[in-house]
Amino acid sequence: MYEVNETHDPNLQSWVESANDPNTDFPIQNLPFCIFASAKNSDMPRVGIPIGDKVIDLWGCYGSGLIEAETRAAAAAGSESTLNKLAGEKSSYTALRRRLSKLLSTDASDADRKILGEHMVEAAECSMFVPSSIGDYTDFYCSIYHATNVGSMFRPDNPLMPNYKYIPIGYHGRASSIVVSGTDVRRPHGQNRSDAEKPPVFIPCKNLDYEMELGFFVGKGNEMGEPIDIANAEDHIFGVCLVNDWSARDIQAWEYQPLGPFLSKSFATTISPYVVTMEALAPFRTPAFERDADDPQPLEYLNDEQNQKFGGLDINLEVYIQTEKMRNENIEPHMLSRSNPKDLYWTIGQMLTHHASNGCNLQTGDLMASGTVSGKEKNECGCLLELTWRGTEPIDLPSGEQRRFLEDGDEVIMKGYCERDGFRRIGLGTCRGRILPAGV
Ligand code: CA
């Protein structure tokens, strides 16, 4: 795990003025990676590093003389159209963070500022892309509050399955339908059997939902047959992003037994374009979930002292909705929930180690997601299924509208940021998507 170091110093200021705005997601202490394109680079996707309201073109820097030996492997990956190559170069991208922290600070020389400035573009003029080539996507189910809420809707007497406190539950998601923030999402068709007296019908989804999740990318992979020790789990994690696991609840209710969700999830998953590295998150670590005294301890292969002490992540996750009517009437997006992955029952290290524990080979660029991040309180529920209790308690919106589930034209906007006394606020950016009507 990364220690807090000079790159996290809250007093560091950048000569890029917008990076010193207290509300920016991308101060000099963050330095995430993304894949961007801009007209300046002939719209060719390549590796970028957001700073304030600008994006640094890493490949441009590679040829500029600013990059030193130990950072070259990472910088040389700057011309790639995905982060996969860079994500496998841990020591080099770690060195690159230190180098960029110096080059962007107010201590940088005029000559370095001038060269670096030539390799920056305005973020507002950039297109963003899914940052990695995702071979496999796995979605976990690690919020005990979410699992208990959802379980109690279906099995009031026995909401949690007996395996829940032993296994980080997950299923294999669909990688091909992962899209970047800002992509419209079409309402899916599927089998609906809401009338138990009749056969199912194939119709547009009626109960469309979102799920607020924390995603993380695999950095270094493992060979097939070689599990990953929990003590080394984070060596294999590149960084995190926001995930919206769109969910068709009516389709899910009919299809999920006996093998779990399938078409209710695979029509679309939206992610934020920035990968915030594990090093940037070092000041925002928390202990693993504090289990009740009568809960079992994690089995040995998931139990590690460091992971128990620092394996959690303190990230504020917020979900907003803006309906078509709200947009037309210039009503600001309405906050639906706030939650935090520090409340997850399992750490991301435990998820990764469990995933590889049977010898399954994880590959650089794979995406894993935490499952819906919900907290104890009603306003900490990370999906509408919980917030409206299966649609029985509609939400009132400032436009006078109500929502049980998502309607066409609704936009779901997710935000993530870290704040802690004594450290600079950093953000994960935004993950947004708007619902289009079902096709014919
Ligand atoms: Ca999910």
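The values are calculated or read from the model by the stated rules, or taken from the named source; none is laboratory data. Quantities reported herein were computed from a predicted structural model and do not represent experimental measurements. A quick note on method: Cβ atoms are made from the backbone with ideal geometry, for glycine too, and the neighbour counts reach across all protein chains shown. Ligands, DNA and RNA are excluded from the accessible area calculation, which covers all protein heavy atoms including side chains. Shrake-Rupley method; radii C 1.70, N 1.55, O 1.52, S 1.80 Å.
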*Quick one: what pairs do we get from region 42-68, first residue within 12 Å of V121 (Cα to Cα), second aromatic (F, W, Y) and part of a loop (DSSP other than H, G, I, E, B), C-beta under 7 Å, 6+ apart or different chains?*
P50/F26; P50/Y274; I51/F26; G52/F26
_Considering only residues that are of a type in the set (D, E) and either touching a helix residue (DSSP H, G or I) at 6+ places or on another chain (Cβ under 8 Å) or within 22 Å of V179 (Cβ to Cβ) (or both), which ones fall in region 394-418?_
E401, E407, D408, D410, E411
*Which of the following residues is surrounded by fewer than 24 Cβ atoms within 10 Å (Cβ to Cβ) and of a type in the set (S, T, Y): T372, T364, T347, T353?*
T364
*Given the residues N340, N328, which is the only one that is away from the ligand (no atom under 16 Å from the Cβ), of a type outside the set (A, V, I, L, M, F, W, C) and without any contact (Cβ under 8 Å) to a residue 12 or more places away in the chain?*
N328
_Among residues of region 243-295, those that are away from the ligand (no atom under 15 Å from the Cβ) and either assigned to a loop (DSSP other than H, G, I, E, B) or within 21 Å of G182 (Cα to Cα) (or both), counted_ = 21
*Which ones in region 407-430 are assigned to a strand (DSSP E or B) and within 30 Å of Q13 (Cβ to Cβ)?*
I413, M414, K415, G416, Y417, C418, I426, G427, L428, G429, T430
*Output the residues belonging to region 97-128 that are open to solvent by 60 Å² or more (accessible area, probe 1.4 Å) and farther than 13 Å from F36 by Cα.*
R98, K102, T106, D107, D110, A111, R113, K114, E118
*Being in contact (Cβ under 8 Å) with a residue 60 or more places away in the chain, over 30 Å from H354 (Cβ atoms) and buried (at least 22 other Cβ atoms within 10 Å of the Cβ) narrows it down to one of N192, N207, so name that one.*
N207
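Out of the residues in region 106-143 that are farther than 26 Å from G221 by Cα and touching a Ser or Thr at 6+ places or on another chain (Cβ under 6 Å), which is farthest from the ligand (Cβ to nearest atom)?
I115
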*Tell me, please, whether a residue that is charged (D, E, K, R) and touching a Ser or Thr at 6+ places or on another chain (Cβ under 6 Å) can be found in region 201-211.*
yes
*When you scan region 177-217, how many residues do you find that are of a type in the set (D, E) and under 22 Å from S370 (Cα atoms)?*
3
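Condition check ((1) closer than 30 Å to S194 by Cβ; (2) in the same structural domain as P333 (by TED's automatic domain parsing); (3) out of contact with any Pro (no Cβ under 8 Å at 6 or more places or on another chain)) across all residues:
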{"site": "T347", "(1), (2), (3)": "no, yes, yes"}
{"site": "L352", "(1), (2), (3)": "no, yes, yes"}
{"site": "A369", "(1), (2), (3)": "yes, yes, yes"}
{"site": "K376", "(1), (2), (3)": "no, yes, yes"}
{"site": "L384", "(1), (2), (3)": "yes, yes, yes"}
{"site": "R390", "(1), (2), (3)": "yes, yes, yes"}
{"site": "E411", "(1), (2), (3)": "yes, yes, no"}
*Subset of region 258-291 (residues that are among the small types (G, A, S) and closer than 18 Å to M351 by Cβ)*: G260, A288
*So which residues in region 172-216 are within 16 Å of the ligand (Cβ to nearest atom), closer than 18 Å to D366 by Cα and assigned to a strand (DSSP E or B), if there are any at all?*
H172, I178, V179, E213, L214, G215, F216
